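Working notes for the structure below.
Values quoted throughout were computed directly from the atomic coordinates according to the rules given, and no laboratory measurement underlies them. On a predicted model such as this, the values are computed, not experimentally measured, just so you know. Glycine also receives a Cβ, built like all others from the backbone with ideal geometry; neighbour counts cover every protein chain displayed.
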C-alpha cells in the first residue's frame, strides 16, 4: 500500500501546500493522544503556519521563534496559543527548551521550519517522541540527489527519510515539507516503507 492517497486531502487554512488537510486526515486515522504541539520557527503563529488551525481548535502549543519582530505577534488577537515560548533554539537545545514547558513526552505534532538547522534540531530531540513530524526539506533535489550539500543545507528528502528511519519514523507524504509518523502508525496509514520515494512531489523539481 501507499499513503500517496493523502494528497487527496490537501487543503490550506494557513498552511502553504495542503498540510492543514493532510494533518487533519492523519490524525483522523491514527487518533490524537493529548492535542499538544510544538512549532519551531513559528514566525508570527499565523503566516504559512501548519499549526494555527489546530490551536484555533483548542490544541495547546509551544511556539518557538527567535525573531523579536515576528514573535511580537504571537499571543495577539490573531492567534492565542495556550502556551507560548519565545526562545532562540540552537541545534542542541530543543530538549532543554521543551523540558521547561508542560508539553508531554509523546505530544502529537512537531513542526520544524527554521530555514537553518532543521535536521539537527530533530536529531537532537531525544527525550520527546511526537507522533507526527512535519519538517522542511530542500525539495529541489529528487530522492537520491543532493547528498553532498554543505552541512547547513543537506536536508534533502533522502537525508530526511534516513534520519526519520533512524528515529523510528516513516514518511507519510511529501508536500514540499516531509510529513513523518511514528513507525507504529505506518500500517494504519497504509505506508509502503520500502517505496517512500513514490511519495515525492516532483512538481518541486
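Starting from 0.36 nm per residue, how many nanometres of slack lie between residue 1 and residue 48 once their C-alpha separation is accounted for? Before the final figure, lay out each step's value.
On the way: separation 47, 0.36 × 47 = 16.92 nm, distance 3.06 nm.
Here the segment from residue 1 to residue 48 would lengthen by 13.9 nm.
With the simple spin-label model, which puts each label point 7 Å out from Cα in the Cβ direction, the residue 129 to residue 198 separation comes to 2.8 nm. Annotation for residue 166 and residue 115: the two label points, set 7 Å from Cα along the Cα-Cβ direction, are 2.6 nm apart.
Could you state the number of Å between the C-alpha centres of segment 111-142 and segment 167-193? Segment 167-193 and segment 111-142 have Cα centres separated by 14 Å.
Using Cβ counts within 10 Å as a stand-in for footprinting exposure, how do 118, 20 rank, fewest first?
Details: 118 24, 20 21.
Ascending Cβ contact count within 10 Å gives the list 20, 118.
Listing 27, 107, 13 from the residue with the fewest other Cβ atoms within 10 Å to the one with the most, what is the order? Could the numbers behind the result be given before it?
On the way: 27 18, 107 24, 13 14.
With the sparsest Cβ surroundings first, the list reads 13, 27, 107.
Mean sequence separation of contacting Cα pairs (under 8 Å, at least six apart), scaled by the length of segment 154-205, corresponds to a relative contact order of 31 percent. Each label was represented as a point 7 Å from its Cα along the Cα-to-Cβ direction; for residue 102 and residue 13 these points are 2.1 nm apart. Ordering 127, 174 from the fewest to the most neighbouring beta carbons within 10 Å gives 127, 174.
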